[in-house]
1. Could you say whether any residue in segment 105-112 is at pLDDT 95 or above and farther than 30 Å from E216 by Cβ?
2. Please indicate, with yes or no, whether at least one residue in segment 156-176 is in a loop (DSSP other than H, G, I, E, B), of a type in the set (D, E) and more than 24 Å from L269 (Cα to Cα).
3. Please go through segment 62-78 and pick out each residue that is open to solvent by less than 20 Å² (accessible area, probe 1.4 Å) and either not small (G, A, S) or not in a loop (DSSP other than H, G, I, E, B) (or both).
4. Suppose we filter S235, S219 for residues that are modelled with pLDDT under 95, out of contact with any strand residue (DSSP E or B) (no Cβ under 9 Å at 6 or more places or on another chain) and farther than 28 Å from G65 by Cα; which single one remains?
5. So, K90, is that one crowded, with 16+ Cβ neighbours inside 10 Å, assigned to a loop (DSSP other than H, G, I, E, B) and of a type in the set (K, R) or not?
6. Search segment 231-244 for residues being in a helix (DSSP H, G or I) and more than 13 Å from C145 (Cβ to Cβ), and hand back the single one that is most open to solvent (accessible area, probe 1.4 Å).
7. Only one of A41, A51 is out of contact with any Leu (no Cβ under 7 Å at 6 or more places or on another chain) and in a loop (DSSP other than H, G, I, E, B). Can you tell me which?
8. Of all residues in segment 117-156 being of a type in the set (D, E) and surrounded by fewer than 17 Cβ atoms within 10 Å (Cβ to Cβ), which is nearest to L86 (Cα to Cα)?
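The values are calculated or read from the model by the stated rules, or taken from the named source; none is laboratory data. These numbers come from a predicted model, not from an experiment. Note: ideal-geometry Cβ built from the backbone for every residue, glycine included; neighbour counts use all protein chains shown. Quick note on the areas: whole protein, heavy atoms, side chains included, nothing else; ligands and nucleic acids left out. Shrake-Rupley method; radii C 1.70, N 1.55, O 1.52, S 1.80 Å.
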Amino acid sequence: MKTLVICTAMSAMILCACGGKNTQSTEETAKVVPMAVITPAINQLTDQEKAEGWALLFDGKTTKGWRGAHKDAFPDHGWMGKDGELIVQKSDGSESTNGGDIVTEGEYSAFEFSVDFKITEGANSGIKYFVDPDMNKGEGSAIGCEFQLLDDAKHPDAKLYTTFPGSRTLGSLYDLKKSENIHFNGVGEWNTAVVKVFPNNHVEHWLNGVKVLEYERGSKEFRDLVKGSKYADPSYNAGGAFGEAPKGHILLQDHGDEVAFRNIKVKELK
């Protein structure tokens, strides 16, 4: 009887030892090996984007494809390229008084434009489209529909408007229509702005993958918005009804605050 008890105890010990070893092996086998993180290429088009007809507007090294809004060449001060970023430099916060706005050399009618932007605290800038830089060669920013870039929390423009409250906030159609459903990554972080203009003149503003507003260019609603905005002034309509040009340049604004841009690209729509 004593021998049987001893054998039984030894068998239990062996089984426990084997069970523990098997458990350890199972746990080791179940360990998850972390996958390599793939960082998207900056200032480059993917093969898919190339196939879809996207064109790169900034190679991260040169200013090829851009010029000053009221100039024949790129501004010789006020803008700089650094670490793959196109940066409008800080000045006095005034509109287009340092290096000035820059525009694409090409003109577009129906298109999708995409750009990553990073604003500094209290910064103001914008993306304009259907711009005719020759229409107003004087002081100030060139005229066009504008996707507002703004630090809403710190810049006073967020609280200003002519008729429509909120129409000068981030993502808005400047002074015309307020943006909604804003998902902002924050000051000092990269955000992506997209403007889509379809052949039927339907326009959309997108911020970080979310549509924040839409409108029909040239519609009664649009013209009513213009009538209630600063763009009702005759000076903004000297070359034709504001915002209704058949084609125009795309503009990045110098508003005297530091803002960085990268991954600038456009695709023409048919």
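1. Pass one, segment 105-112, residues at pLDDT 95 or above: 105-112.
Applying the additional criterion that residues be farther than 30 Å from E216 by Cβ yields none.
No: zero hits.
2. As a first pass, look at segment 156-176 and keep what is in a loop (DSSP other than H, G, I, E, B): 160-172, 174-176.
With the extra rule that they be of a type in the set (D, E), the set shrinks to 175.
Narrowing the set further to residues that are more than 24 Å from L269 (Cα to Cα) leaves 175.
Yes - at least one qualifying residue is present in segment 156-176.
3. Within segment 62-78, W66, G68, P75 qualify.
4. S235
5. No: the conditions fail for K90.
6. So the first thing to find is which residues in segment 231-244 are in a helix (DSSP H, G or I), and the list is 231-232, 234-236.
Narrowing further to those that are more than 13 Å from C145 (Cβ to Cβ): 232, 234-235.
Details: A232: 52, P234: 100, S235: 70 Å².
Filtering segment 231-244 for residues that are in a helix (DSSP H, G or I) and more than 13 Å from C145 (Cβ to Cβ), the one most open to solvent (accessible area, probe 1.4 Å) comes out as P234.
7. On the way: A51 fails: in a loop (DSSP other than H, G, I, E, B).
Exactly one residue qualifies, and that residue is A41.
8. Kept after step one, since they are of a type in the set (D, E), are these residues of segment 117-156: 121, 132, 134, 139, 146, 151-152.
This time we only want the ones that are surrounded by fewer than 17 Cβ atoms within 10 Å (Cβ to Cβ), so: 121, 134, 139.
Values: E121: 18, D134: 24, E139: 23 Å.
The extreme case among them is E121.
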